[in-house]
Amino acid sequence: MTRSPQFIGAACASMSVIFFSINDVLIKFLSGGYALHQVVLLRSAIGLLVIAVLILPFSGGLSVLRTKRLGMHIFRGLCVVTANMTFFLGLAAMELATAVAIFFISPLVITIFSVLFLGETVGPRRWFAVAIGFVGVLIILRPSTDAFQIASLLPLVAAIAYAAIHMITRKIGGTESAATMAVYIQLSFIVVCVAIGLAVGDGRFGDQSDPSLRFLLRAWDWPATADYWVFAMLGFGVGVAGFLISQAYRVAEAAFVAPFEYLAMPLAILWGYLVFGEVPDIYTFLGAGLIVGSGLFALWREARVADMAAAPRTRR
């Protein structure tokens, strides 16, 4: 049976979100005993192996490494590394649902970036949605109160980097396969994490009171046998999820695919409660509601504008 691009995009996006949400739980679980760059290095090495064994044989083999847009792949890889590392550092100090809620400002940042870098036109309704989304972030952050913590800015940085990833994917998605993008992402993680490990992996800066800094600068330690399965799940999940989300945005329109990523919000609340005993406060629920609602409206409005622009061409 032939499936439509929309069905494939929705299925790929939904499955990738499930894998990524489990990945967030496992990273937070490991943040108390290992260095972030060690965790991500092992995750990416296993993920690259998963891609090589399960994906490359059906995607052209090693030929996927051939590209005329190496610079864009490197830039995209660095944006992915920045988005992941800052988000994971935030997880070490924050509740899972709170970090995910702040991160979901990314669709609104994409709206801003589309104007700045792609020359797209955004109407007053979408600008209003952007403003409401940032109000939601302020409600969660509460910057002028004692509840504010610096670590809460890390998911915001991750959201900005994630928006940049989508700008780059829009430019190269027409010529580069999902497998190619997935391979270069994992290679970027490996190179960056090896560099960080060589610089601070001995733990000489690891004596930090802040949980995020401690997670970043802790000394490397050989994984305990009981944690092998966690690293294996991380590697498998990130390898498959990275391919699935790239495939989703390749085969279907971004405005159709993006709302499926919001599945991560209820999953974060669920995992946070079941695994870590976390119950978000009323400010997180209120802020998350504004962020998710405004983000979905911005995506819906973008799709509507695109349909209206295409309609006159269809009638000709």
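The values are calculated or read from the model by the stated rules, or taken from the named source; none is laboratory data. Worth saying up front: this structure is predicted, and the values here are computed from it rather than measured. We place every Cβ from the backbone using ideal geometry, glycine too, and count neighbours over all the protein chains shown. Please note that ligands, DNA and RNA were not included when accessible areas were found on the heavy atoms of the full protein model with its side chains. Shrake-Rupley method; radii C 1.70, N 1.55, O 1.52, S 1.80 Å.
Here are some notes:
- Estimated dipole of the chain in Debye, rounded to 20 [Cβ of Lys and Arg +1, of Asp and Glu -1, Cα centre]: 1360
- Given their separation in residues at 0.36 nm each and the Cα-Cα distance between them, F205 and R125 gain 24.0 nm when the chain is fully extended.
- Sites A224 and E253, calculated FRET efficiency, Cβ-Cβ separation with R0 51 Å, nearest 0.05: 0.70
- Alpha-carbon centroid distance for the pair segment 9-25 / segment 64-116, whole angstrom: 15
- Over the chain, dividing the summed -39,500 (n - 2.57) contributions of all DSSP H runs of at least 4 residues by the number of residues returns a 222 nm mean residue ellipticity of -24000 deg cm²/dmol.
- Cα gyration tensor shape for segment 114-231, rounded if a/c is under 1.5, else prolate or oblate: oblate
- Length gained when the stretch T175-R142 is fully extended (0.36 nm per residue, less Cα-Cα span): 7.6 nm
- Positive-end extreme of charge dipole, segment 1-153 - chosen from V109, S31, T67 (charges on Cβ): T67
- Taken as entire DSSP H runs, the helices of the chain that both span 30 Å or more between Cα atoms along their own long axis and average -1.0 or more on the Kyte-Doolittle scale are 5-30, 70-91, 178-200, 228-251, 282-315.
- For the chain: accessible area per residue (Å², 1.4 Å): 47
- By accessible area, using a 1.4 Å probe on protein heavy atoms only, segment 114-155 has 68% of its surface on carbon and sulfur.
- Working ranking of peptides 274-287, 105-118 by packing, defined as the average number of other Cβ atoms within 10 Å per residue, highest first, is 105-118, 274-287.
- With both labels modelled 7 Å from their Cα along Cα-to-Cβ, the L270 to A11 distance reads 2.0 nm.
- Count Lys and Arg as plus one, Asp and Glu as minus one, and take only other residues whose Cβ is under 10 Å from that of R76; the net charge is then +1.
- Simple point charges give the picture: +1 on the Cβ of Lys and Arg, -1 on the Cβ of Asp and Glu, and for segment 144-234 a dipole about the Cα centre of about 320 debye.
- Charge context of W271, other residues only, Cβ under 14 angstrom, K/R +1, D/E -1: -2
- Environment charge at P211 (Cβ cut-off 11 Å; Lys +1, Arg +1, Asp -1, Glu -1): +2
- Shape category assigned to segment 75-141 from the gyration tensor of Cα positions, a/c cut at 1.5: oblate
- Label zone at F58, where the point sits 7 Å out along the Cα-to-Cβ direction: segment 178-198 residues whose backbone N lies under 19 Å: 178-184
- Among 128-138, 16-26, the order from most to least packed when residues are scored by Cβ within 10 Å on average: 16-26, 128-138
- Based on the Kirkwood approach, the hydrodynamic radius assigned to the chain is 20.2 Å, with every pair of different Cα atoms included.
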